[in-house]
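The values are calculated or read from the model by the stated rules, or taken from the named source; none is laboratory data. Here the structure is a predicted model, which means the values were calculated and not measured. Because the Cβ atoms are built from the backbone with ideal geometry, glycine has one as well, and the counts that use them run over all protein chains shown. Note: areas computed on protein heavy atoms with side chains; ligands, DNA, RNA excluded. Shrake-Rupley method; radii C 1.70, N 1.55, O 1.52, S 1.80 Å.
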Amino acid sequence: GGIITQTPKFLIGQEGQKLTLKCQQNFNHDTMYWYRQDSGKGLRLIYYSITENDLQKGDLSEGYDASREKKSSFSLTVTSAQKNEMAVFLCASSILPGVNTLYFGAGTRLSVL
Amino acid sequence: GDKVKQSPSALSLQEGTNSALRCNFSIAATTVQWFLQNPRGSLINLFYLVPGTKENGRLKSAFDSKESYSTLHIRDAQLEDSGTYFCAAGRAGGSNAKLTFGKGTKLSVKS
């Protein structure tokens, strides 16, 4: 089995701040994803990456940047944190895009003061 | 409207009873995944389905692509089944990696 590790677990930021979230997987999966989860809503796709150095926009990419530095890691940047924003950011991976089981990390909980 | 609609939005079960959760799609799904988000927030994959059925212990899931719905049956509910269940619709082929998630069904199992 493998594991997806997200860091940090909790992130407190200031309004306007640039914040970076990191994700590492040891499944050797090609595809990685970043989802955002707001209370009472389903998961919404921010960015995904089919392979190293690839980047594809999801439905919620505005206000975010992402980087697939190598096959095992995928980072997400909140370009300008919004005041009172609270959400959970979930990283996931799968062998191939869209057609295989998705495995999730434990999430990064963001609060913006 | 929502492309993936889950029902009910919340459910309370007595330990040992059975129930079914449902997912209706207004998009052309070719695959379905069911997840359980436990109270600590971790998302666990329960099933990956192409049209048909799968069973794993007390859980059974079915996916009918023609009628655009999927169900998750829970038999003999246990306290550790509590959490939020999400379904997600996918489309096989190409580079389309977008899974569309429902808003979830929050399940509470009581003793």
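So the values come out like this:
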quantity	calculated
Residue in region A:85-96 that is assigned to a loop (DSSP other than H, G, I, E, B) and either within 13 Å of the chain's Cα centre (by Cα) or within 14 Å of chain B (Cβ to nearest Cβ) (or both) present	yes
Test result for residue A:21, within 15 Å of the chain's Cα centre (by Cα), closer than 24 Å to residue B:101 by Cα, touching a residue at least 60 places away in the same chain (Cβ under 8 Å) and not in a loop (DSSP other than H, G, I, E, B)	yes
Flag for residue A:43 being out of contact with any Pro (no Cβ under 9 Å at 6 or more places or on another chain), within 12 Å of another protein chain (Cβ to nearest Cβ), hydrophobic (A, V, I, L, M, F, W, C) and surrounded by 15 or more Cβ atoms within 10 Å (Cβ to Cβ)	yes
Residue that is touching a Ser or Thr at 6+ places or on another chain (Cβ under 9 Å), within 27 Å of residue B:2 (Cβ to Cβ) and open to solvent by 20 Å² or more (accessible area, probe 1.4 Å), where the choices are A:104, A:89	A:104
Pick from region B:1-23, criterion open to solvent by 60 Å² or more (accessible area, probe 1.4 Å) and within 14 Å of chain A (Cβ to nearest Cβ), ranking: farthest from residue B:107 (Cα to Cα)	B:1
Options B:98, B:110; residue that is more than 14 Å from chain A (Cβ to nearest Cβ) and of a type in the set (Lys, Arg)	B:110
Complete set of residues in region A:28-40 that are surrounded by 18 or more Cβ atoms within 10 Å (Cβ to Cβ) and part of a loop (DSSP other than H, G, I, E, B)	A:29
Residue, farthest from residue A:102 (Cα to Cα), within region B:42-65, restricted to residues that are assigned to a loop (DSSP other than H, G, I, E, B) and touching a residue at least 12 places away in the same chain (Cβ under 8 Å)	B:58
Qualifying positions in region A:49-64 - surrounded by 15 or more Cβ atoms within 10 Å (Cβ to Cβ) and assigned to a strand (DSSP E or B)	A:49, A:56, A:64
Scope region A:36-51; condition closer than 14 Å to residue A:88 by Cα and either in contact (Cβ under 8 Å) with a residue 60 or more places away in the chain or of a type in the set (Val, Ile, Thr) (or both); matching residues	A:37, A:46
Any hit, region B:28-41, residues being closer than 26 Å to residue A:92 by Cα, part of a loop (DSSP other than H, G, I, E, B) and among the charged types (D, E, K, R)	yes
Of residues in region B:66-76 being assigned to a loop (DSSP other than H, G, I, E, B) and under 15 Å from the mean Cα position of the chain (by Cα), the one surrounded by the most Cβ atoms within 10 Å (Cβ to Cβ)	B:68
